Amino acid sequence: TQLLEQSPQFLSIQEGENLTVYCNSSSVFSSLQWYRQEPGEGPVLLVTVVTGGEVKKLKRLTFQFGDARKDSSLHITAAQPGDTGLYLCAGAGNTGGFKTIFGAGTRLFVKA
Amino acid sequence: EAGVAQSPRYKIIEKRQSVAFWCNPISGHATLYWYQQILGQGPKLLIQFQNNGVVDDSQLPKDRFSAERLKGVDSTLKIQPAKLEDSAVYLCASSPGTSGRSYEQYFGPGTRLTVT
C-alpha cells in the first residue's frame, strides 16, 4: 500500500515565524504536487516538482523534492495569517499506474 | 477560463436515502476525479476517469456508490442508499491528462453531504 505521510499534522505559530512541513513516502513518484485548502473550498495547486533535488520558490514558500523523488518539504518564511490553511501533498505517476495519492495534510494556523 | 463546477454545494439527507452530485470539469481536461474528504483528513480517491473510461475505482464502495462520465465531459456520482459514515465533502477535480505536469489537478468547491 502506497502512503504519503505528512508531518506535523497540526502547527500553530505566531506571525513572522518560519516553519517547515514534510511529506514522506517509501514510493518513488514521477511528480509531486503541493496544494493549500481553505475551509469550505477545494484544494488549490501551489506547485509541482518533477526532478529529484528540485527546489522551487513561490514568494515566501520554498518547495524541495528529495533526490530519490520519495519525499518533499515545504518551508514558509515569515509566516502570515493568510498562510493559514490545510497543506496537502500529492504524489503522482508512481511505477505501474496513473494513480495520484494524497497525504492527510498539515493544518497550519498562523496567529496575528 | 472557467473552473471546475460542482452542484449542489450542500446536501442534507436521511440515511437510506439516495443522493447525486454533478461535476463539470475544465473544458478539454481528459481526466476527472471524484474524492471523498472526511473532516480533518486528506482527500481519498473514489474514482478516476480518463475521458469516459474508468482508470481506477478500487476505493469506490460499489455496493452503494456509482459514477459515470458520459461523453467524456460531465460526471455524476450517486450514493444509494446513504449511510451515516458517508457524511463528508465530495470533491471533483480535473486534469489535462496523466503524464508530467498533466497530473496537476484543479478542484471544484466540493459538495458537503450530511447524512442524518
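Computed from the coordinates by the stated procedures, all read-outs in this text should not be read as laboratory data. On a predicted model such as this, the values are computed, not experimentally measured, just so you know. Ideal geometry is used to build each Cβ from the backbone, glycine not excepted, and the neighbour counts take in all protein chains shown.
Quick check: is even one residue across segment B:88-109 more than 14 Å from chain A (Cβ to nearest Cβ) and in contact with a strand residue (DSSP E or B) (Cβ under 7 Å, 6 or more places away or on another chain)?
Looking through segment B:88-109, none of the residues is more than 14 Å from chain A (Cβ to nearest Cβ) and in contact with a strand residue (DSSP E or B) (Cβ under 7 Å, 6 or more places away or on another chain).
Failed condition for A:V21, given (1) more than 27 Å from B:G97 (Cβ to Cβ); (2) within 14 Å of another protein chain (Cβ to nearest Cβ); (3) assigned to a loop (DSSP other than H, G, I, E, B), with all others met?
Among (1) more than 27 Å from B:G97 (Cβ to Cβ); (2) within 14 Å of another protein chain (Cβ to nearest Cβ); (3) assigned to a loop (DSSP other than H, G, I, E, B), A:V21 violates only (3).
Is it the case that A:A104 is hydrophobic (A, V, I, L, M, F, W, C) and either over 28 Å from B:S94 (Cβ atoms) or more than 9 Å from every other protein chain (Cβ to nearest Cβ) (or both)? Steps first, please.
Details: hydrophobic (A, V, I, L, M, F, W, C): yes; either over 28 Å from B:S94 (Cβ atoms) or more than 9 Å from every other protein chain (Cβ to nearest Cβ) (or both): no.
Answer is no for this residue.
Conditions tested, residue by residue: (1) surrounded by 14 or more Cβ atoms within 10 Å (Cβ to Cβ); (2) among the hydrophobic types (A, V, I, L, M, F, W, C); (3) within 14 Å of chain B (Cβ to nearest Cβ).
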residue	(1), (2), (3)
A:S26	no, no, no
A:S30	yes, no, yes
A:Q37	yes, no, yes
A:A90	yes, yes, yes
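With respect to B:Q80, determine if the residue is more than 14 Å from every other protein chain (Cβ to nearest Cβ) and either aliphatic (A, V, I, L, M) or surrounded by fewer than 17 Cβ atoms within 10 Å (Cβ to Cβ) (or both).
The answer is yes for B:Q80.
Within segment A:41-71, count every residue that is under 25 Å from A:E15 (Cβ atoms), more than 13 Å from chain B (Cβ to nearest Cβ) and crowded, with 22+ Cβ neighbours inside 10 Å.
1
Any chance you could count how many residues in segment B:5-62 are over 30 Å from A:S7 (Cα atoms) and assigned to a loop (DSSP other than H, G, I, E, B)?
Residues in segment B:5-62 being over 30 Å from A:S7 (Cα atoms) and assigned to a loop (DSSP other than H, G, I, E, B): 16 in total.
Is there a residue in segment B:33-40 that is small (G, A, S) and either touching a Gly at 6+ places or on another chain (Cβ under 6 Å) or surrounded by 13 or more Cβ atoms within 10 Å (Cβ to Cβ) (or both)?
No, because not a single residue in segment B:33-40 is small (G, A, S) and either touching a Gly at 6+ places or on another chain (Cβ under 6 Å) or surrounded by 13 or more Cβ atoms within 10 Å (Cβ to Cβ) (or both).
Just name the residue that is nearest to A:P81 (Cα to Cα) out of those in segment A:1-18 that are within 10 Å of chain B (Cβ to nearest Cβ) and surrounded by 15 or more Cβ atoms within 10 Å (Cβ to Cβ).
It comes out as A:Q6.
Look at segment A:24-42 and say how many of its residues are outside any loop (DSSP other than H, G, I, E, B) and under 18 Å from B:A88 (Cβ atoms).
Applying the first criterion (outside any loop (DSSP other than H, G, I, E, B)) to segment A:24-42 yields A:24, A:31-37.
After this cut, where a residue has to be under 18 Å from B:A88 (Cβ atoms) as well, the list is A:35, A:37.
Selection size over segment A:24-42: 2.
Among the residues of segment B:66-80 satisfying the criterion of being touching a Lys or Arg at 6+ places or on another chain (Cβ under 7 Å) and of a type outside the set (A, V, I, L, M), which is nearest to B:A5 (Cα to Cα)?
Taking the candidates together, the pick is B:S75.
Taking the condition of being over 13 Å from B:S94 (Cβ atoms) and buried (at least 17 other Cβ atoms within 10 Å of the Cβ), how many residues in segment B:12-32 meet it?
Residues that pass the stated criteria total 3.
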